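> Sharing a structure, written as structure tokens. Questions coming.
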Amino acid sequence: MPNTIHVLNGPNLNLLGEREPHIYGRDTLADVEKACRAVAARHGLELVFRQTNAEHQMIDWLHQTRKGGAVGVAINPAAFCYNSVPVLDALKMCDCPVVEVHISNIHNREAEWRAHTITAVAATGMISGLGAMGYSLAVEWLAQKFNASMAKG
Ligand code: CA2
């Protein structure tokens with residue numbers, strides 16, 4: 001698929017909108033996907049939107065973004081960001097810009113350990129605490145960055 005942005009979601013995010021709405025809001029992952037598709041379409045880009053609870057699946061999907069598979073990656077690694085060196089290694093292998101997205105502000109949560117993402121070092125940038133809109137903003141940035149690079153030639 002040409003000129004595609006991949007939005008990847010880690011464990012438990014299939015339940016977005018159903019649990020802890022005071023922290024994560026009421027938007028479901030389907031709502032988030034719809035918003036991301038609208039942003040990508042506005043920029044003339046394709047969008048792949050995925051969620052998995054399995055580490056190996058996330059790694060395979062990250063490998064698929066390589067060598068032109070994606071022009072940008074937005075990833076909410078969820079709890080993989082705290083313990084998954086394999087996901088970190090796969091992120092380091094990405095050859096396009098990567099934005100790590102967290103719906104909540106991982107720096108002002110109930111527990112200090114939530115701020116200690118190990119995967120963010122492999123990201124170009126990070127959005128945290130802007131709610132579900134953080135995904136659309138990540139796609140907006142990735143799309144603008146890609147289209148600007150194309151315009152420069
Ligand atoms: O704020 C985020 O997006 C998080 O990445 C969500 C992760 C959490 O472990 C991170 O600290 C921050 C996953 C939270 C558990 O899954 C839920 C999914 C939907 C609703 C409630 C919890």
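The values are calculated or read from the model by the stated rules, or taken from the named source; none is laboratory data. None of these values were measured; they are calculated from a predicted model. Every residue, glycine among them, receives a Cβ derived from its backbone with ideal geometry; neighbour counts consider all protein chains shown. For accessibility, only protein heavy atoms count, side chains too; no ligands or nucleic acids. Shrake-Rupley method; radii C 1.70, N 1.55, O 1.52, S 1.80 Å.
> Calculate how many DSSP beta bridges within the chain are antiparallel, expressed in % of all such bridges and rounded to the nearest 5. Before the final figure, lay out each step's value.
Values: 0 of 18 bridges.
The antiparallel proportion sits near 0 percent.
> Using only protein heavy atoms and a 1.4 Å probe, report how much of I23 is accessible, in Å² to the nearest 10.
Its accessible surface works out to 50 Å², give or take rounding.
> Can you give the FRET efficiency for H63 and E20, using 1/(1 + (r/R0)^6), R0 = 41 Å, r = Cβ-Cβ distance, to the nearest 0.05? Don't skip to the end; give the middle numbers.
On the way: r = 32 Å, r/R0 = 0.77.
Once rounded, the FRET efficiency stands at 0.85.
> From the alpha carbon gyration tensor of the stretch 4-152, can you work out the equivalent ellipsoid semi-axes (sqrt of 5 times each eigenvalue) and give them in Å, largest to smallest? Kindly include the intermediate steps, with their values, before the conclusion.
On the way: eigenvalues 102, 64, 38 Å².
The three semi-axes for the stretch 4-152 are 23, 18, 14 Å.
> Next question, about the same structure. Go through K67/K92; K34/K92; K92/K152 and tell me which ones have a Cα-Cα distance over 23 Å in this structure.
On the way: K67/K92 13 Å; K34/K92 28 Å; K92/K152 26 Å.
Violating the 23 Å limit, Cα to Cα: K34/K92; K92/K152.
> What accessible area per residue comes out for the stretch 4-152, rounded to a whole number of Å², with a 1.4 Å probe? Intermediate values should be presented prior to the final figure.
On the way: 7250 Å² over 149 residues.
With all protein chains present, the stretch 4-152 gives 49 Å² per residue.
> So, one more: Roll a 1.4 angstrom probe over the protein heavy atoms and tell me the percent of accessible area of the stretch 86-153 that is carbon or sulfur.
Details: 2020 of 3430 Å².
C and S atoms contribute 59 percent here.
> What is the distance in Å between the Cα centroid of the stretch 87-132 and that of the stretch 1-64?
14
> Could you work out how much longer the chain between W113 and A79 gets when fully extended? Use 0.36 nm per residue separation minus the Cα distance between them, nm to one decimal. Before the final figure, lay out each step's value.
Working: separation 34, 0.36 × 34 = 12.24 nm, distance 1.11 nm.
Taking 0.36 nm per residue and subtracting the Cα distance, the gain is 11.1 nm.
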